[in-house]
Amino acid sequence: MTRIGIILGSTRPGRNGEAVAKWVHQVATERTDAEFELIDLLDYKLPHLDEIMPPAMGQYTQPHTLAWAAKIASFDGFVMVTPEYNHSTSGALKNAIDFLFAEWNNKAVGFVSYGSVGGARAVEHLRLIAGELKMADVRTQVALSLNADFENYSVFKPGEQHLPTLQTMLDELVAWSNALAPLRAAG
């Protein structure tokens, strides 16, 4: 069965992303075409890039890197739930991505973002990063507005229009994850 990781890309106290990621996970687990697992970056305690060798070398030495690599390697695709901070993604998510290389290769990725303009600028940066990591990013994105989809900018109440968009993104993500399986097997 295809395995999809839903990465919660914020580590801030009181983060809005936790409710968003749990919503994505709840919707996803009602599907029968893949297995979905929520991955919280807080559980990995990744410092800022403390490996001596570049990730492309695959010579990890730190226990936290080895655990993170094993987790990411176990999936066929990902949903990245990202806030938008200063017109980009969170430093915690970027750092977690930068720790690895081969573990991301030939996997599909979809995005659920939130921010003042739906997190669109954060996803634009993540799409560029995905290309460098040999990931296939799906077209459909769920863009949540802090103004319209959060009461008082903190209580998550997604508009009904987001559910069909989320389902479409998940459809694309599962299809691309399956389509890339021969490339992962060859690697």
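Among DSSP beta bridges whose residues both lie in the chain, state the antiparallel percentage, nearest 5.
10
For region 6-76, what is Rg from Cα atoms divided by 2.2 N^0.38 Å, rounded to two decimals?
1.30
Would you mind ranking M169, M80, M53 by Cβ crowding within 10 Å, fewest neighbours first?
Going from least to most buried by this count: M53, M169, M80.
Could you put R15, R3 in order, starting from the residue whose Cβ has the fewest other Cβ atoms within 10 Å?
In increasing order of surrounding Cβ atoms, one gets R3, R15.
What value in Å³ per residue do you get for the convex hull of the alpha-carbon atoms in the chain?
Looking at the chain, the number lands at 106 Å³ per residue.
Between helix 120-132 and the chain, what is the angle of the helix's C-alpha long axis to the longest principal axis, kept within 0 to 90° and rounded to the nearest 10?
Tilt of helix 120-132: around 20 degrees.
Would you mind checking the pairs K134/K157; K71/K107; K107/K157; K45/K157; K71/K94 and listing those with alpha carbons more than 25 angstrom apart?
Too far apart for the 25 Å limit: K134/K157; K107/K157; K45/K157.
Rule-based calculations on the coordinates, nothing more; no lab input. These numbers come from a predicted model, not from an experiment. Every residue, glycine among them, receives a Cβ derived from its backbone with ideal geometry; neighbour counts consider all protein chains shown.
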